[in-house]
1. Counting Lys and Arg as +1 and Asp and Glu as -1, each charge on the Cβ, what is the dipole of the chain about the Cα centre in debye, to the nearest 20?
2. Once Lys and Arg get +1 and Asp and Glu get -1 on their Cβ, which of GLN68, GLY12, GLY56 lies farthest toward the positive end of the dipole of the chain?
3. Roughly what angle does helix 37-68 make with the longest principal axis of the chain, taking Cα atoms, 0 to 90 degrees, to the nearest 10?
4. Taking 0.36 nm per intervening residue step and subtracting the Cα-Cα distance, what contour gain separates ARG57 from LEU45 on full extension?
5. Check each of the GluC sites (Glu not before Pro) in the range 1-54 and keep only those in coil by DSSP with at most 13 other C-beta atoms within 10 angstrom; list them in order.
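Taken together, the values in this text are just the output of simple stated rules run on the coordinates, not laboratory data. Predicted model only: the values in this text are computed from it and were never measured. Cβ atoms come from the backbone with ideal geometry, glycine included; neighbour counts cover every protein chain shown.
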Amino acid sequence: MVFDFKSFHLRGIHAETEEEKRQINQELKNLYDSLTPEEKQRFNLELQTFLMTEVGRLGSDYEAIKNQIPNE
């Protein structure tokens, strides 16, 4: 089973209200609650991988932008 964390992430980013964000988070929690213990383990590993990838990407983007700003 492969979990599509990116779709939840993008929906959360583009949510127009806090209520919409809460609903998206609740969907993800409901999905997790519906899983078997083995699937939950897989879910957690895939989520960690996704988060590490996203954090790494943000760090790279930050450094690229930072390097474009002239030093004064």
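1. Values: 9 positive and 14 negative charges, 28 e Å.
Using Cβ point charges on Lys, Arg, Asp and Glu, the chain gives about 140 debye.
2. Among GLN68, GLY12, GLY56, the one farthest towards the positive end of the dipole of the chain is GLY56.
3. Approximately 10 degrees, to the nearest 10.
4. On the way: separation 12, 0.36 × 12 = 4.32 nm, distance 1.84 nm.
Taking 0.36 nm per residue and subtracting the Cα distance, the gain is 2.5 nm.
5. Here the GluC sites (Glu not before Pro) that fit, given the DSSP loop and packing criteria, are GLU16.
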